[in-house]
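The values are calculated or read from the model by the stated rules, or taken from the named source; none is laboratory data. On a predicted model such as this, the values are computed, not experimentally measured, just so you know. Here the Cβ positions follow ideal geometry from the backbone for every residue, glycine too, while neighbour counts run over all protein chains shown.
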Amino acid sequence: MTNSKLFSDSKKVIPSGVNSPVRYFEPYPFFTKKSNGAYLWDVENKKYIDFCNGYGALLLGHRRKEIINAVSNQLSKGTLYCTPTEAETELSKLIIGNFPSIDKVRLVNTGGEATMTAIRLARGFTKKKKIIKFEGCYHGAHDSVLVKAGSGSAHNGISVSEGGLDEVSKNTLVVQYNNIEDFQKTINQNKDIAGVIVEPILANMGLILPEKNFLYDLRKITKENNIPLIFDEVVTGFRVSPGGAQEHFGIKSDITTMAKALSNGFTIAAVGGRKEIIDLLSPGGKVYQASTFAGNPISVSAAISSIKTINKLKNKLYSKLERFNLLFTTALDDMATDMHIAHQINFTASMFQIFFTNKPVINYETSKKADSKKFQKMFRTLLKKGIFIAPSQFEVVFLSDAHTENDLNKTLDAYDAALKSVKN
Ligand SMILES: Cc1ncc(COP(=O)(O)O)c(C=O)c1O
Ligand SMILES: N[C@H](C=O)CCC(=O)O
């Protein structure tokens, strides 16, 4: 079977042939048949070093032994009960142990479900309507946050999705990321703010780091105005430190969402926060949230195993990934500079992105101004050479614990060729 044949088949039965827009690239995506460690293999038996890593989920690499063992063990005991389990309490205690801002946590299935619940909680708590989000931040594919969002929707130039209601999006106020004056002005002009949601490190417009005081000022202003601050840690939770970006920056949010690296590749997400807010969830409170698959025993077993593995490895894991990232991005920067290619590299922890522009990339506008055609050229050369990064400059390159120095050296050689293709 070939990728091209599978794509023509899939297009007949799946819209655009893919189950999430970001998976499509021209002329057609490759179809994966298996993965292991740092690698993917497509149906034509081509091997790729994977730097998409489930858009950040696979912090520990594909088919990590500890997680596969835990899941296999659970498979022999059942796949769905729809009753509470002891394992759900164990997982919640582990999450709370890693995130001191969280008193209680509810398990859901996806990042989007977690942010939808977080926003509903903020509205239920404050009895107010409007939320503030930041340009380019992506919080899932639901109406209140699909407004000037990043990821695939930035790529498609969709500011507000068709089919979304104006009545919903008009209650979402959008502020420029890293612009605290814009934020303060919006707070001063609107007395009806129910909550503020932010990616503490913006990983959906490429990688954009919060400027020095941005998150601290956000925390201070939201506290002064009694507005719940939601940290969307769907990407950063467990990836930048065992306690996410909030541990990394030493800031406590009121509500936190997490997914991805929480389970290293299984379908689970969580929304947690201060007791007085999270206890508003039904059935004890009047903020309704529900799901058949919530607390799915397979995903819960994967998440318990992931957190335990992360907590056991701790400094060894994070310092290795940081060292690899620094070495890699320094070499990449030198290469692009030697070739006189205008570029910026943003990096932190185990994430980076290169932008083809001579201006620092600090927000939605500056990310959008980077040359996406050059990025596509680079992507295609990398792919030919067996390196798979997410196919858009609005995504991020993710390192995993499975990458070896040898993988990184091969990848640097591929970037060398890819940058030359950009230059020509
Ligand atoms: C920061 C952030 N929040 C929320 C989401 C939505 O998560 P999901 O795709 O699991 O709905 C994503 C990614 O998709 C994300 O990167
Ligand atoms: N950028 C998104 C997640 O972080 C990409 C995942 C998706 O939408 O399929």
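Report yes if Glu88 is away from ligand 2 (no atom under 16 Å from the Cβ), in contact (Cβ under 8 Å) with a residue 60 or more places away in the chain and in the same structural domain as Ala259 (by TED's automatic domain parsing), otherwise no. Against the criterion (away from ligand 2 (no atom under 16 Å from the Cβ), in contact (Cβ under 8 Å) with a residue 60 or more places away in the chain and in the same structural domain as Ala259 (by TED's automatic domain parsing)), Glu88 qualifies. In the condition set (1) among the small types (Gly, Ala, Ser); (2) within 16 Å of ligand 2 (Cβ to nearest atom); (3) not in a loop (DSSP other than H, G, I, E, B), Ala149 is compliant with all but (3).
Looking only at region 155-194, count every residue that is in contact with a Ser or Thr (Cβ under 6 Å, 6 or more places away or on another chain) and closer than 19 Å to Ile362 by Cα and tell me the total. Qualifying residue count for the region: 2.
Would you point out which residue out of Leu313, Leu332, Leu412 is of a type in the set (A, V, I, L, M) and within 22 Å of Met205 (Cα to Cα)?
It is Leu332.
Being more than 18 Å from Glu395 (Cα to Cα), buried (at least 21 other Cβ atoms within 10 Å of the Cβ) and within 15 Å of ligand 2 (Cβ to nearest atom) is a property that Phe183 lacks. Consider only pairs whose beta carbons are under 7 Å apart and that are at least six residues apart or on different chains; among these, list those whose first residue lies in region 211-224 and is in a helix (DSSP H, G or I) and whose second residue is surrounded by 14 or more Cβ atoms within 10 Å (Cβ to Cβ) and of a type in the set (Phe, Trp, Tyr). Sorted first by the residue in region 211-224, then by its partner, the pairs are Leu215/Phe249; Leu218/Phe183; Ile221/Phe183. Return yes or no: is Tyr48 touching a Leu at 6+ places or on another chain (Cβ under 8 Å), among the aromatic types (Phe, Trp, Tyr) and more than 16 Å from ligand 2 (Cβ to nearest atom)? It is true that Tyr48 is touching a Leu at 6+ places or on another chain (Cβ under 8 Å), among the aromatic types (Phe, Trp, Tyr) and more than 16 Å from ligand 2 (Cβ to nearest atom). Looking across region 186-210, the residues that are assigned to a loop (DSSP other than H, G, I, E, B) and within 16 Å of ligand 2 (Cβ to nearest atom) come down to Glu199, Pro200, Ile201, Ala203, Asn204, Met205, Gly206, Leu207.
Take the conditions (1) farther than 18 Å from Ile67 by Cβ; (2) in contact (Cβ under 8 Å) with a residue 12 or more places away in the chain; (3) not small (Gly, Ala, Ser); Pro283 misses just one of them, which is (2). Identification of helices (runs of 4 or more DSSP H) wholly contained in region 324-424 with 2 or more residues that are of a type in the set (D, E, K, R), without any contact (Cβ under 8 Å) to a residue 12 or more places away in the chain and surrounded by fewer than 21 Cβ atoms within 10 Å (Cβ to Cβ) yields 372-384. Of the residues making up region 35-54, just one is in contact with a His (Cβ under 7 Å, 6 or more places away or on another chain) and part of a loop (DSSP other than H, G, I, E, B), namely Ala38.
Listed by first and then second residue, the pairs with beta-carbon distance under 6 Å, at least 6 apart or on different chains, first residue in region 112-135 and more than 22 Å from Gln176 (Cα to Cα), second in a helix (DSSP H, G or I) and hydrophobic (A, V, I, L, M, F, W, C), are Leu121/Ile277; Phe125/Ile277.
Condition check ((1) buried (at least 18 other Cβ atoms within 10 Å of the Cβ); (2) modelled with pLDDT under 95; (3) among the acidic types (Asp, Glu)) across all residues:
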{"site": "Val175", "(1), (2), (3)": "yes, no, no"}
{"site": "Asn188", "(1), (2), (3)": "no, no, no"}
{"site": "Lys191", "(1), (2), (3)": "no, yes, no"}
{"site": "Gly195", "(1), (2), (3)": "yes, no, no"}
{"site": "Leu207", "(1), (2), (3)": "yes, no, no"}
{"site": "Lys212", "(1), (2), (3)": "no, yes, no"}
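Within region 19-34, which residues are in a loop (DSSP other than H, G, I, E, B) and more than 9 Å from ligand 2 (Cβ to nearest atom)? Tyr24, Phe25, Glu26, Pro27, Tyr28, Pro29, Phe30, Phe31 - these are the residues of region 19-34 that are in a loop (DSSP other than H, G, I, E, B) and more than 9 Å from ligand 2 (Cβ to nearest atom). Of the residues in region 102-135, how many are away from ligand 1 (no atom under 11 Å from the Cβ), touching a strand residue (DSSP E or B) at 6+ places or on another chain (Cβ under 7 Å), over 16 Å from Phe231 (Cβ atoms) and in a loop (DSSP other than H, G, I, E, B)? Number of matching residues: 3.
Among the candidates Lys423, Lys384, the residue that is among the charged types (D, E, K, R) and at pLDDT 95 or above is uniquely Lys384.
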